[in-house]
Structure formats: C-alpha cells, structure tokens
Amino acid sequence: MIELVQVSKTFNAGQPNEFHAVREVSFSIEPGRVTALRGPSGSGKTTLLGLIGGLTRPSSGRVRLDGRDISALPERFLTELRRATFGFVFQQFQLIRGLSVLENVMLPATPTGQPYAEVRTRALQLLADFDLDGRAEAKAQWLSGGEAQRVAIARALINDPKVILADEPTAHLDSVLSRQILAIFADLRAQGRSVILSSHDPLVFEVGLVERVVDIRDGRVTQA
Amino acid sequence: MIFQPAALALLLASSLNALLLLASGVFALSLLRHWNPTSGSERQIALERRTYLVSTLVGLSLLTSLPALALFVHNADAMAPFFTGAMCAVGSLKVNAWGMPALLTMLAGFFLAAAWLVLNHLDNCGWDTPLMRGKYRLLLLLLAPLALAQAVLLWLYYLNLNPEVITSCCGSLFGPAAEGVAADLATLPLGIIQPVFFAGWLLTLIAGTVFILRGRLGRGFGLLAGLHLPLALAAVVAFIAPYIYEQPNHHCPFCLLQAEHGYAGWVLYLPLFVGTAAGIGAGLASGLDTNPRTASLREAAPRVASSLAKLSVAALGLFGLTVLFYLQRSNLVM
Amino acid sequence: MSFPHNAWLESQRGLIDFSIANLGRRRGRNLGLFLAYTLLVFLLASVVLYGDALRREARLLLADAPELVVQRLTAGRHDLLPAEWLDRVRGLRGVRAAEGRLWGYHYDPAAQANYTLLAPNDAPPAPGQVEIGAALARASGLDVGDVLSLRGFDGKPFAFNISRVFEAESELVSADLMRVNAADFRAFFGVEPDLYTDLALSVANPREVRKVAEKVLDRLPGARVIAREEMRRTYEAAFNWRQGVLLTFLSTILLAFALLAWDKASGLSAEERREIGILKALGWDTGDVLRMKLWEGALVSLCAFLVGYTLAWLHVFYADAPLFTAVLKGWSVLYPQFRLAPQIDLAQIATLFFLTVLPYVAATIAPVWRAATLDPDEVMRE
C-alpha cells in the first residue's frame with residue numbers, strides 16, 4: 001500500500017529556472033492492482049513515478065510504504081527498500097551495452113551480496129520464463145526490440161519485487177510489441193504483484209489491463 | 001636532507017591529507033548549520049551526497065596513516081648515519097624539536113581516523129543517522145586540526161634537519177642516567193612493571209572475551225584497550241626491548257624496527273595498534289547501545305561492537321603471545 | 001573449515017566484476033590515462049631505484065673504510081706525507097691501529113679510463129703482478145695470465161702480470177681497482193720510500209672519533225683529517241641532492257598527470273552518465289557506485305604501478321639507466337662501467353606508492369564522487 005500525502009517536487013528551487021514538477025499530490029495506491037498515471041509529456045508523470053518508487057525524495061510532503069514513512073530515510077535505507085520492493089522498467093529499456101543479457105539481469109542483485117551462484121540460477125530461471133535462456137550470453141546491444149523488452153522486465157524481477165514500475169513502457173514500440181509487453185504486465189498482475197505505469201498512449205488504456213487511472217496535468221492530479 | 005624520496009613522499013602525503021581534511025572541516029561547518037534529515041530540500045540532499053565524499057576522504061586518511069607512520073620511522077632510522085650521535089630513529093627524530101611531535105600526531109591521526117570511521121559506519125546503520133552532528137563536530141574540532149598540525153610539524157621537521165647538530169642516541173634518552181619520561185620508563189622496577197603489564201594484558205583480553213560471549217562490559221573493554229596501549233609501550237621500553245636485544249641497558253623502542261633484530265618492532269607494534277584501535281571502536285560502539293538518542297542503532301551497535309571486539313582480542317592476544325615468545329627465546333635474564 | 005557467507009565480501013566481488021567489465025568495455029578511453037600513469041611510475045621509480053642503488057654502492061664502499069684518514073695538505077692540496085707522521089699518531093690514546101696507505105690514480109689513455117692503484121698492506125701481490133677487479137676484467141677483456149701494460153710516471157711502460165681477478169661486493173670497487181706490490185707502486189709512480197699517500201687510523205670507540213681527530217690535528221699541523229662518517233654523509237648528501245633535483249623536475253610531470261587524471265575522471269560521456277543513472281535506478285546506492293568506481297581506479301593503479309615499476313627495474317638494472325646516468329653519477333665522463341646490484345626494498349615501494357598512486361587517488365576522488373552522486377531522476381529524463 002503506497003500513500004502520497006501532499007507531495008511536491010521542485011527543481012532548482014529559488015533560482016530563475018525554478019520548476020515545479022509535482023505539486024501537492026495526494027493519493028493512495030492499493031496493492032495487487034494495475035494503476036496507470038495518465039497525462040501528456042511534461043505533466044510530471046515520470047517524476048511522480050520516481051517519487052512513488054523511492055527513486056527521489058519529495059521536496060515537501062510524505063510518501064508512505066505500508067504505513068512507513070520513507071520520505072526522510074537516508075539514501076542507504078531507501079535504496080535497500082527500493083531494491084527489495086520495486087522493479088523498474090524504463091522507456092527504451094536501458095540495458096547496459098557491452099554486458100551480456102545474463103549480466104544485465106543480475107545487476108540489481110549485486111549490492112545485496114547474495115551468493116553469485118544463487119542469483120545466477122534465479123536469473124537463468126527468469127530468462128527461461130521469458131523464452132530467453134538461449135540468449136543468456138548474448139551482448140545486450142545485439143537484441144531485437146522484443147527481446148530487449150523482455151530482458152528489461154526479467155531484470156526488474158530479479159529481486160522478486162512486489163511492485164513493478166514502468167515509465168512509458170509502450171513509447172518507441174510498435175503495436176505488436178506494445179501488446180506483448182502489456183500482456184506480460186497482465187501476467188505479473190496475475191502473480192499478485194502491483195503494476196504502476198505512466199503513459200499517454202491510448203493503446204495502454206484500451207486493452208483492459210488498467211484497473212485504476214490517475215490523471216495528471218501540470219504536476220497536479222486532476223482525477224484519481 | 002629534505003630531498004630524499006621518502007621525505008618528499010611523506011610531505012606530499014601529509015600535505016594532501018591536511019588539505020583534504022581541512023576542506024572536509026569547512027564542509028562540516030556547513031553541515032552542522034543546515035543539517036535537517038527530515039527535509040527533502042535540495043540543500044539537504046546535497047549535504048547528504050557530500051557526506052559520502054567526506055567519509056571516503058577519512059577512509060583514505062586511515063588507509064595511508066599507518067604506512068606513512070611506518071615509512072616515517074623507517075626513514076628516520078635510515079637517516080641516522082647522517083647525524084652525529086644517532087644510532088637509530090630516535091637520534092634522527094631528536095635532531096630538532098619537531099620530530100617527536102610529528103610522530104605523535106601521526107599516531108594520534110591513525111587512532112582518530114579509525115574511531116571516526118567506526119562512528120561513521122554505525123551512523124549509517126541508523127535510519128535517522130543519529131551520530132551525524134557528533135561525527136562532524138569531531139571532524140571539525142579534532143581530525144582536521146590534527147591533520148594540519150601533522151603536515152606543519154612534518155614540514156618543520158624536514159626543513160630543519162641540520163646534520164651539524166649533535167643529537168642524542170637512544171641510549172642516552174632511554175638510559176638510566178637521563179632525565180625525563182623515557183628514562184623513567186626504562187628504569188621502572190621489573191618487579192612492578194612485569195606483573196602489572198601481564199595482568200593488564202590478561203584483564204583486557206578477559207574483558208573482551210566476556211563482552212564477546214555475554215555482551216556485557218563493552219565500555220569497560222574499550223577503556224581497558226585504550227589504557228593497555230601506554231602500558232604496553234611502557235613495558236616495551238622497560239623490559240621487552242632489553243630482552244629482545246639481550247642487553248639489559250638497551251631500552252630503545254625504535255631500534256627494534258631494524259633488520260638486525262628481526263624486525264621485531266613491526267611484529268609487535270602492528271597488532272598492538274590495530275588491536276587498540278579495534279578495542280576502542282568496540283567500546284565506542286557498545287557505548288551507544290543504551291543511549292536513548294541512538295535508538296535506531298540498537299541492533300547494529302552490538303553487532304559492530306562484537307566484530308570489533310573479536311578483532312581486538314585476536315590482535316592483542318597475538319601481541320601478548322609474541323611478547324611471551326620473545327621473552328622465552330631470549331638468552332637474557334634480568 | 002567452511003566460511004560463512006559474507007554478504008559484504010560477496011557484494012564487493014560483484015562490484016569488482018563490474019569494474020573489470022567496465023574497464024574492458026572502455027579500453028580505448030582508459031588507455032591514454034593508463035599509459036601516462038605507467039610512464040609516471042616508470043620515471044619516478046627509475047630515479048628512486050637508481051639513486052638508492054648508487055647509495056647502496058657508496059655505503060658498501062665505505063663500510064671497510066678506516067674511521068679516520070689523515071692526509072697532508074701543501075698549499076691547500078693533497079700531498080704525500082712522511083713516514084714519521086705514522087710514529088707521531090700511533091701512540092695516541094684511542095687509536096687502535098695506524099698504517100700508512102699507498103694508493104693513487106692512473107689515467108690510461110688507451111682505455112680512456114681512470115684506474116685506482118692500491119698497494120695493500122696485507123696479502124700484497126708478488127712483485128711484477130697485479131690483481132684486478134672482476135668488472136675491470138670484464139670491461140677490458142683481460143684475464144689471469146694476461147699482461148697489462150701501463151705507462152709509468154716517467155713515460156716508460158710497466159708490464160704487470162695479472163695474477164688474480166677478485167670479486168667485490170660493490171661493482172664500483174671492482175671496476176677500477178688494481179692491487180699491486182708496494183715496491184712496484186713506488187717504482188711506477190715515482191714515490192720515495194719514506195712517503196705515503198695517507199694514513200689510515202682505526203678508532204675503537206666511534207664516539208671518540210672526533211676527539212682523536214682533534215688530537216691528530218694538534219700533533220700534525222698542516223694535516224687534514226677525514227672521518228668516515230663525514231665521507232658517508234657527503235656521499236649521501238650528494239646523491240640525495242641529485243636525486244632530489246631530478247624528483248623535483250619530475251614533480252611537474254606529476255602535476256600534469258594529476259590534472260590529466262582529474263580531467264579524465266570528470267569528463268563523463270553521456271553514455272556513462274546514463275549507465276550510472278540506470279544502476280541507481282536499479283537499486284545501487286551512491287555508496288555502491290562510488291565503491292565500484294574506486295575499484296576501477298584501484299585496478300588501473302595496480303596495473304600501472306606493476307608495469308611501470310617492472311620497466312623501471314629493467315631500465316636501471318639491465319639497461320644502465322641511460323636517461324639518468326649523467327645527472328646521478330656525476331658530470332665526470334670518465335666513470336668506470338659498473339653494474340648496480342638489484343634489490344627490492346619495501347620502504348622504497350611505499351615511497352613510490354605515495355608519490356604516484358596517492359596523487360592519482362587524490363585527483364580522482366572528487367570527480368568520481370560527483371559521478372557517483374548523479375541523480376538517477378535527472379539522468380533518466382535526458
């Protein structure tokens with residue numbers, strides 16, 4: 001259960017280029033559902049997603065995760081929490097070039113200090129789930145769009161997070177790949193995970209995946 | 001004299017050290033004024049980020065402090081032939097008034113950096129970083145000025161090395177005829193210093209073991225570890241050194257570092273210093289256990305204290321056993 | 001005995017793996033810095049290794065030198081002294097032994113080399129024979145049984161039979177020393193029978209050396225007394241000074257290198273910034289990224305140090321350090337060929353570490369930290 005209470009995020013405060021990305025946003029997200037943040041580019045969706053996922057701290061207001069206030073946590077604790085709770089899927093997937101698929105998938109687990117063999121096994125299992133075990137040693141830059149997409153999601157799942165956050169998952173994708181990724185999200189939802197995504201792509205809202213929509217404009221929630 | 005490579009290296013190292021810690025001290029001022037962990041303002045985030053830099057710098061300081069100290073003493077020993085009357089590091093260090101103080105600041109620097117890093121590690125285990133202000137006050141008031149003093153003293157020492165000066169040999173400094181602390185230590189009656197030292201050493205180890213097994217006496221152990229250091233050094237001067245040299249009148253703690261004595265000094269001092277630093281750290285950590293202001297450290301503090309105590313007991317135990325080995329091996333009977 | 005799984009250790013291993021992969025991926029970019037780093041280590045290590053080796057030679061040379069050497073000065077120049085001076089100092093309290101020494105320099109234009117001829121007091125060679133040092137034998141291609149011909153003080157050739165080739169701990173000694181019979185010496189150099197080159201005094205108690213020297217000066221006005229300690233100090237000071245001058249010159253290179261390192265570490269490409277943002281978004285905190293980057297620096301430093309030091313070693317001990325010979329040995333061209341004895345010295349390595357790796361770390365710490373503290377949010381939007 002994620003709660004935002006009067007959360008604001010301001011960049012370059014007090015300077016001429018001061019920018020209020022998010023203004024006094026309050027709402028809650030229930031676990032186990034698919035929630036979508038809908039709004040045009042520049043509406044603050046990406047920042048809001050970052051605030052929800054503990055990627056960045058609010059300039060004011062509080063973010064609560066299962067009742068615990070995470071807005072004032074020092075970075076170490078926040079990151080530990082984030083690693084265990086959230087899995088990120090980015091626009092353009094953002095895989096690290098030059099590393100293999102397997103290495104990319106194992107990346108989020110490195111700081112946790114779990115035994116290498118265990119993590120490797122888990123990573124290979126995930127790749128198998130996504131029909132990618134044959135591509136485990138391939139370099140990230142050789143993957144097709146669809147493969148990269150699935151590797152990105154496998155990577156997000158390596159620490160077995162309860163919540164998946166996806167920023168504009170279907171931007172830069174054609175309809176076929178878009179439907180594919182949305183189907184994967186539906187699977188994750190079926191597994192009991194929460195999915196929170198930001199998008200302004202109408203396709204996302206057509207396929208019957210999204211259970212709740214939060215509309216955002218100019219950093220404010222217009223409909224929750 | 002100043003142009004030796006070792007001297008240049010030490011001056012470079014201590015100057016960099018002073019520069020970096022002073023810069024950290026300046027930052028400490030800013031942090032102490034504006035630190036507000038519950039705020040999400042950009043300034044707070046910037047402060048938090050900078051604490052990473054400072055802890056890395058202090059870590060670097062710690063890493064270089066022991067090797068620098070070792071190099072300094074080794075170099076002083078190597079320079080001894082230059083100075084009339086000098087036979088070991090003591091002579092070189094006494095050529096001017098800055099040598100011994102420089103040595104002391106380097107030693108103090110090591111212990112302070114170690115203590116600071118223990119506090120820093122603990123602080124990071126707490127979700128409200130309860131030790132932040134204390135840490136930076138310590139940095140500002142102790143670590144940074146000490147680093148500056150060390151650099152200044154080192155420069156003064158090397159710039160004022162005059163080979164014409166007749167300096168004292170360790171024999172005259174640590175011999176019975178001289179006056180001063182060193183001579184007093186050398187002439188401590190064996191009937192007193194020997195049992196007192198071994199008793200102190202055993203007591204420290206016992207306190208450490210009790211703490212590791214039962215979790216009690218943590219602060220006491222830290223205190224004992226700290227007190228054990230001067231006691232051990234006194235013991236080295238009073239009887240351990242003579243036994244190693246097999247000469248009842250040779251009390252110098254620096255000649256031990258030379259090759260002709262099997263580098264006994266290094267073998268003894270390294271575990272002693274490491275063990276003392278770890279013991280003090282354990283004491284500090286366990287002291288925070290029950291303090292209400294550091295409630296967030298309740299789990300981490302005992303854990304860290306226990307690890308440090310284990311290291312300390314092992315190192316100090318090794319030190320004592322090494323002493324016993326040298327005593328037993330010696331042909332001298334005092 | 002099995003070790004419990006240590007999470008911290010495991011995570012460091014993971015970070016190191018990533019650092020190594022990183023270095024491998026950016027080979028081209030890191031190569032320039034690595035070469036500069038290696039060059040720096042090479043230069044500094046060469047100077048230090050060479051100077052220290054020379055100093056060691058000098059120390060060996062002086063180890064057997066007498067505590068006091070008495071010479072006669074005439075018009076401010078070293079002159080031969082009369083045998084009766086020996087009697088005058090022999091009886092002094094504190095003087096354990098005194099002997100007259102016969103030695104001198106001979107310049108051989110054929111070989112363009114300066115030799116030192118010595119007529120030793122114990123185990124002197126037989127008349128007509130000469131014992132030469134191993135390095136000299138090697139350099140001139142001579143061996144036992146060969147005849148060495150030198151021109152005496154009167155221009156007449158003197159034939160010496162090489163009876164022995166001796167090894168010396170210091171190559172410098174064995175490179176120019178020839179031992180001959182006292183009578184041959186006097187005949188060769190035209191030295192009267194009652195004259196010596198100088199006196200060697202052995203003093204039992206090192207603390208009395210100064211007092212004995214004073215007494216000698218009392219008894220022998222016009223004499224110069226040189227203590228071994230003074231010689232040692234002078235040599236060391238000369239080597240120190242020369243080495244120091246070189247090092248100071250090299251400090252400009254050090255500064256340039258530090259700037260280069262700082263610049264390289266600061267100039268993150270867009271790709272690198274993106275990657276750090278990704279890592280942080282995936283769950284690496286600032287400390288993890290910082291540690292990973294510090295490992296990168298450590299690996300580069302270690303490699304550069306090893307390679308640079310090894311190259312310096314080869315340069316000094318196998319190639320005779322052509323770069324520094326002139327400055328460190330002295331401006332005199334007529335130096336004998338000699339090889340330096342290689343020795344590994346932990347203190348020396350520590351010194352080099354402080355002179356090379358520490359500046360690198362100091363220069364790169366701030367930029368590395370800045371990179372590690374990048375806000376993933378900002379990077380993501382780019």
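Tabulated data
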| quantity | calculated |
| --- | --- |
| Candidate set from segment B:278-325 (those that are out of contact with any Leu (no Cβ under 8 Å at 6 or more places or on another chain) and of a type in the set (Ser, Thr, Tyr)); member that is modelled with the highest pLDDT | B:312 |
| Within segment C:1-97, helices (runs of 4 or more DSSP H) holding 1 or more residues that are surrounded by fewer than 20 Cβ atoms within 10 Å (Cβ to Cβ) and within 14 Å of chain A (Cβ to nearest Cβ) | C:7-25, C:27-63 |
| Residue selected from segment B:42-57 under the condition touching a Ser or Thr at 6+ places or on another chain (Cβ under 7 Å) and over 14 Å from residue B:129 (Cα atoms), by the criterion farthest from the other protein chains (Cβ to nearest Cβ) | B:54 |
| Exclusive hit being assigned by TED's automatic domain parsing to the domain that holds residue B:280, buried (at least 19 other Cβ atoms within 10 Å of the Cβ) and either at pLDDT 85 or above or at positive phi (or both), set B:223, B:205, B:213 | B:205 |
| Among residues of segment C:258-279, those that are surrounded by fewer than 21 Cβ atoms within 10 Å (Cβ to Cβ) and away from chain A (no Cβ under 14 Å), counted | 9 |
| Residue ID - nearest to residue B:65 (Cα to Cα), chosen from residues in segment C:339-365 that are more than 7 Å from chain B (Cβ to nearest Cβ) and without any contact (Cβ under 8 Å) to a residue 40 or more places away in the chain | C:346 |
| Residue within segment B:34-49 that is assigned by TED's automatic domain parsing to the domain that holds residue B:132 and in contact with a Cys (Cβ under 6 Å, 6 or more places away or on another chain) present | no |
| Which listed residue, of B:149, B:144, is in the same structural domain as residue B:117 (by TED's automatic domain parsing), without any contact (Cβ under 8 Å) to a residue 60 or more places away in the chain and farther than 26 Å from residue B:327 by Cβ | B:149 |
| Failed criterion for residue A:45 (all others in (1) over 23 Å from residue B:36 (Cβ atoms); (2) surrounded by 18 or more Cβ atoms within 10 Å (Cβ to Cβ); (3) in contact with a helix residue (DSSP H, G or I) (Cβ under 8 Å, 6 or more places away or on another chain) hold) | (3) |
| Exclusive hit being within 30 Å of residue A:20 (Cβ to Cβ), at pLDDT 90 or above and not charged (D, E, K, R), set A:151, A:204, A:195 | A:195 |
| Pairs where the first residue, in segment A:75-91, is within 18 Å of residue A:166 (Cβ to Cβ) and the second is assigned to a helix (DSSP H, G or I), C-beta under 6 Å, 6+ apart | A:87/A:156; A:87/A:157; A:88/A:156; A:88/C:281; A:89/A:152; A:89/A:153; A:89/A:156 |
| Output for segment B:18-41, where each listed residue is facing another protein chain (nearest Cβ under 9 Å) and either crowded, with 17+ Cβ neighbours inside 10 Å or assigned to a loop (DSSP other than H, G, I, E, B) (or both) | B:20, B:37, B:38, B:39, B:40, B:41 |
| Within segment B:247-262, tally of residues that are in contact (Cβ under 8 Å) with a residue 60 or more places away in the chain and among the hydrophobic types (A, V, I, L, M, F, W, C) | 4 |
| Checking residue B:132 against (1) within 27 Å of residue B:11 (Cα to Cα); (2) surrounded by 19 or more Cβ atoms within 10 Å (Cβ to Cβ), the condition it does not meet | (1) |
| Residue count for segment B:281-295, restricted to those that are surrounded by fewer than 17 Cβ atoms within 10 Å (Cβ to Cβ) and either in contact with a helix residue (DSSP H, G or I) (Cβ under 8 Å, 6 or more places away or on another chain) or part of a loop (DSSP other than H, G, I, E, B) (or both) | 3 |
| Matching entry among B:108, B:102, B:113, B:86 (being within 14 Å of another protein chain (Cβ to nearest Cβ) and in contact (Cβ under 8 Å) with a residue 12 or more places away in the chain) | B:86 |
| Candidates C:186, C:210, C:219 - the one that is within 14 Å of chain B (Cβ to nearest Cβ), of a type outside the set (Val, Ile, Thr) and more than 30 Å from residue A:77 (Cα to Cα) | C:210 |
| Residue match in segment C:31-53 (condition: under 27 Å from the mean Cα position of the chain (by Cα) and charged (D, E, K, R)) | yes |
| Among residues of segment A:94-135, those that are on the phi > 0 side of the Ramachandran plot and within 10 Å of another protein chain (Cβ to nearest Cβ), counted | 3 |
| So residue B:102, is it assigned to a helix (DSSP H, G or I), buried (at least 21 other Cβ atoms within 10 Å of the Cβ), among the small types (Gly, Ala, Ser) and at pLDDT 90 or above | yes |
| Residue C:226 aliphatic (A, V, I, L, M) and at the interface with another protein chain (Cβ under 9 Å from one of its Cβ atoms) | no |
| Conditions (1) modelled with pLDDT under 90; (2) in a helix (DSSP H, G or I): number failed by residue B:249 | (2) |
| The one condition in (1) buried (at least 16 other Cβ atoms within 10 Å of the Cβ); (2) under 21 Å from residue C:282 (Cβ atoms) that residue A:141 fails to fulfil | (1) |
| Failed criterion for residue B:132 (all others in (1) touching a residue at least 24 places away in the same chain (Cβ under 8 Å); (2) more than 12 Å from chain A (Cβ to nearest Cβ); (3) among the aliphatic types (A, V, I, L, M) hold) | (2) |
| Search result, residues across segment C:280-291 that are within 14 Å of residue C:368 (Cβ to Cβ) and at the interface with another protein chain (Cβ under 8 Å from one of its Cβ atoms) | C:286, C:287, C:288, C:290 |
| Residue satisfying all of: in segment C:243-254; within 26 Å of residue C:297 (Cβ to Cβ), among the aliphatic types (A, V, I, L, M) and within 11 Å of chain B (Cβ to nearest Cβ); surrounded by the most Cβ atoms within 10 Å (Cβ to Cβ) among these | C:247 |
| Subset of segment B:136-162 (residues that are within 14 Å of another protein chain (Cβ to nearest Cβ) and within 19 Å of the chain's Cα centre (by Cα)) | B:147, B:151, B:154 |
| Qualifying residue in segment C:172-181 (condition: at pLDDT 85 or above and either among the hydroxyl-bearing types (Ser, Thr, Tyr) or surrounded by fewer than 16 Cβ atoms within 10 Å (Cβ to Cβ) (or both)) | no |
| Checklist (1) buried (at least 17 other Cβ atoms within 10 Å of the Cβ); (2) more than 27 Å from residue B:272 (Cβ to Cβ) applied to residue B:66, failing item | (2) |
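The values are calculated or read from the model by the stated rules, or taken from the named source; none is laboratory data. All values reported here derive from a predicted model rather than from experimental measurement. Please note: Cβ atoms are built from the backbone with ideal geometry, for glycine as well, and neighbour counts cover all protein chains shown.
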